[in-house]
Amino acid sequence: MAIEQVVINGMVLGCIIALSAIGLTVTYRILNFANFAHGDFVTLGAYIAFLFSAILGLNFLAACALAIAAAALFSVGLDCLIWKPMRSKGASSTALMILSIGLAICLRNLIVFVFTPDIERFPLPVKEGMTLGGVVITPYQVAVTAVAVVLMFAVHYLLRKTSIGLAMRALSDNMDLARVSGIDVDRVVRYTWATGMALAAAAGILYGLITNINPNMGWFMVIPIFAAVILGGIGNPYGAMMGGIIIGLSQELSTLILPSEYKIAVSFFIMIVVLLVKPKGLMGGG
Amino acid sequence: MIDYLVTILLIAGIYAIFALGLNLEWGFTGLLNFGHVGFMAVGAYTTVLLSMNNGVPLLLSVLAGMVLAGLLGAFLGIPTLKLRADYLAIVTIGFSEILRYLLLNEEWLTNGPIGLCGFPRPFQDLVPIQSYNLFFLVVVLSVLVIIYSGIELLIRSPWGRVLKSIRENEEIATSLGKHVFSYKVQSLALGSMIAALAGSLLAFYLQYINPRNFMPIETFYAWIIVVLGGSGNNKGVLLGAVLFWGFFSGSRFAQEYLPLSPTQVGSMRVMFIGLMLIILMMFRPQGILGKKEELSLER
């Protein structure tokens, strides 16, 4: 495959990894634990959109919007049910990580239970790719990149220009200081979960647009997502965007010299090198 | 019925050994290893490949698997164990997945997704095939007793007390002049060797191994065994292994009473395991036999 083609594919994949990584990195920093269920949040978003569009027959765009909203609501529900009681008990980050594994197992098998383990596709027509200077780009790839870029700008706006974004940044700097300065910590945490989950759901839908959906899709993205988060510096959303793009590009570029089965190994290798050389990531953090 | 009981005890015994390795790392040292199954796979494949193709004696092949897994454990510990606890969790989970891709794709060595069979089992010429499982149960239980007593001795030794002090408070252990990093690497290496031993036993029991035997979920079977029985309590691990496999095998019969497809029943059983992990962590993190004050689960 031509190198230009590989770069395009890598950018598109990178955008999806970046979106998922932003969601993971903000919750990682503010709640101080690595949420291993984040990959399954990605899967869940895709399947809710599948439920609304393919099974209930809604218009696809409406189904996606509804799915993202439903996923965000679900994450707020999880906060009330699980994370908030754990916070008030003063649970350590290790306890939360073990719990998140339980949640990941539950969600994935719930999806298998409801939707079967088979590969599904969104009810959309197959579109021919356009050829631009020897590179084939499908309309879906264009749409995925456009939506991802818009969402990344939306995150930037949320963090920099809104009061809730300011509160999130204050919380990630120092939770106790934020609390004594009168910030309603629980409310900000709920917004953080909702934002992270909405981005994960969007990433799941976008991934389904360029490939297909299956119950393991998110689990298989966990390693690239964590690699992007660590590469960009834990807690740094801009780092996660950059990390996502670098990981996506490296994974696709590696197919030029390695069998494509080892794409994931490339992100793993990058992660190990970052941990050895610069554990705080390229842009600082955690 | 007896045969069925023997197989449950066999698999519970093998997983008890596997989980004892995890308990050494998590229960006694506080290390989060989310890729324990990777070391089990290293043990199983090394033993099988050495004994089948190269005629290496079985005992030596098992030991080779353990040594390789121990080295890999130390190797993974080096970039991660000086950093926050979560990095080890991420890196080990990545390791176990990538190892599985290697086993799936390097067909020249591992026969890929088809896997390996027809390899020698210990004393297979001396024991009649009908009673082999019963014989092998005795082997597994003897190994279990040896590993159990070995770990109990170790954790009561000065070495084990340092591990516990690391779990309780790393800074204090460091301030007492203990080289915390080196103890953590040793614990991870030893735990991985025990996982490899369990892997070799699993291969002998199954008589056929393929990468599907080493899915990430197997790691979390060990986690639920440890958390259910009581982290940091080896008796708890034994209890957890029996309860877990009792439930997991017994729940297979739910099929007859539920109007669901086999896939649905299968996913429901695993969903229940995840739910159990959530509920335990929320309401009884010390499990059945663990001591709450011994666990560093609260800030």
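The values are calculated or read from the model by the stated rules, or taken from the named source; none is laboratory data. Since we're looking at a predicted model, the values are computed, not measured. Here the Cβ is made from the backbone with ideal geometry for all residues, glycine too, and neighbour counts use every protein chain on show. Heavy atoms of the whole protein, side chains included, go into the accessibility calculation; ligands, DNA and RNA do not. Shrake-Rupley method; radii C 1.70, N 1.55, O 1.52, S 1.80 Å.
Can you pull out the residues in segment A:116-144 that are of a type in the set (Ser, Thr, Tyr), outside any strand (DSSP E or B) and more than 15 Å from residue A:211 (Cβ to Cβ)?
Taking segment A:116-144 as the starting set, the residues that turn out to be of a type in the set (Ser, Thr, Tyr) are A:116, A:131, A:138, A:140.
Remaining after also requiring outside any strand (DSSP E or B): A:116, A:138, A:140.
Across segment A:116-144, the qualifying residue is only A:116.
Which one of these does residue B:50 not meet: (1) part of a helix (DSSP H, G or I); (2) within 14 Å of another protein chain (Cβ to nearest Cβ); (3) open to solvent by 10 Å² or more (accessible area, probe 1.4 Å)?
(2)
Give the residues of segment B:165-193 that are free of Cβ contacts under 8 Å to residues at least 12 places away in the same chain and of a type in the set (Gly, Ala, Ser), sorted by residue number.
Within segment B:165-193, B:173, B:175, B:177, B:182 qualify.
In segment A:109-144, which residues are open to solvent by 80 Å² or more (accessible area, probe 1.4 Å), more than 14 Å from chain B (Cβ to nearest Cβ) and among the acidic types (Asp, Glu)?
Matches in segment A:109-144: A:128 only.
If you scan segment A:126-168, which residues turn out to be without any contact (Cβ under 8 Å) to a residue 40 or more places away in the chain and touching a helix residue (DSSP H, G or I) at 6+ places or on another chain (Cβ under 7 Å)?
Passing the criteria: A:127, A:158, A:164, A:165, A:167.
Looking only at segment A:41-67, how many residues end up being farther than 20 Å from residue A:112 by Cα and not in a loop (DSSP other than H, G, I, E, B)? Let's see the steps before the verdict.
First pass over segment A:41-67, keeping only residues farther than 20 Å from residue A:112 by Cα: A:57-66.
If we keep only those that are not in a loop (DSSP other than H, G, I, E, B) too, we end up with A:60-66.
The total comes to 7.
I'd like the full set of residues that are buried (at least 19 other Cβ atoms within 10 Å of the Cβ) and not in a helix (DSSP H, G or I), limited to segment B:225-277.
B:230, B:231, B:232, B:233
Which residues, taken from segment A:90-103, are part of a helix (DSSP H, G or I) and at the interface with another protein chain (Cβ under 7 Å from one of its Cβ atoms)? Walk me through how you get there before you give the answer.
So the first thing to find is which residues in segment A:90-103 are part of a helix (DSSP H, G or I), and the list is A:93-103.
Result: A:93, A:94, A:95, A:97, A:98, A:99, A:101, A:102, A:103.
Quick one: residue A:65 ticks every box in (1) free of Cβ contacts under 8 Å to residues at least 40 places away in the same chain; (2) over 30 Å from residue A:156 (Cα atoms); (3) open to solvent by 40 Å² or more (accessible area, probe 1.4 Å) except a single one, so which number is it?
(2)
How many residues, within segment A:250-279, are surrounded by 15 or more Cβ atoms within 10 Å (Cβ to Cβ), more than 10 Å from chain B (Cβ to nearest Cβ) and not in a helix (DSSP H, G or I)?
Final tally of qualifying residues: 1.
Return the residue satisfying two criteria in turn: it lies in segment B:71-89 and is at pLDDT below 90 and more than 7 Å from chain A (Cβ to nearest Cβ), and of such residues it is farthest from residue B:184 (Cα to Cα). Explain how you work it out, then say what you get.
Our first condition is that a residue be at pLDDT below 90; within segment B:71-89, this holds for B:79, B:82-86.
Now drop any that are not more than 7 Å from chain A (Cβ to nearest Cβ), which leaves B:82, B:84.
Details: B:82: 9, B:84: 13 Å.
In this case the residue turns out to be B:84.
Could you grab me the full set of residues in segment A:211-228 that are more than 9 Å from every other protein chain (Cβ to nearest Cβ) and touching a residue at least 60 places away in the same chain (Cβ under 8 Å)? Spell out how you get there, then give the answer.
Keep residues of segment A:211-228 that are more than 9 Å from every other protein chain (Cβ to nearest Cβ), which gives A:211-214, A:216-218, A:221, A:224-225, A:228.
A:212, A:213, A:214, A:216, A:217, A:218, A:221, A:224, A:225, A:228 - these are the residues of segment A:211-228 that are more than 9 Å from every other protein chain (Cβ to nearest Cβ) and touching a residue at least 60 places away in the same chain (Cβ under 8 Å).
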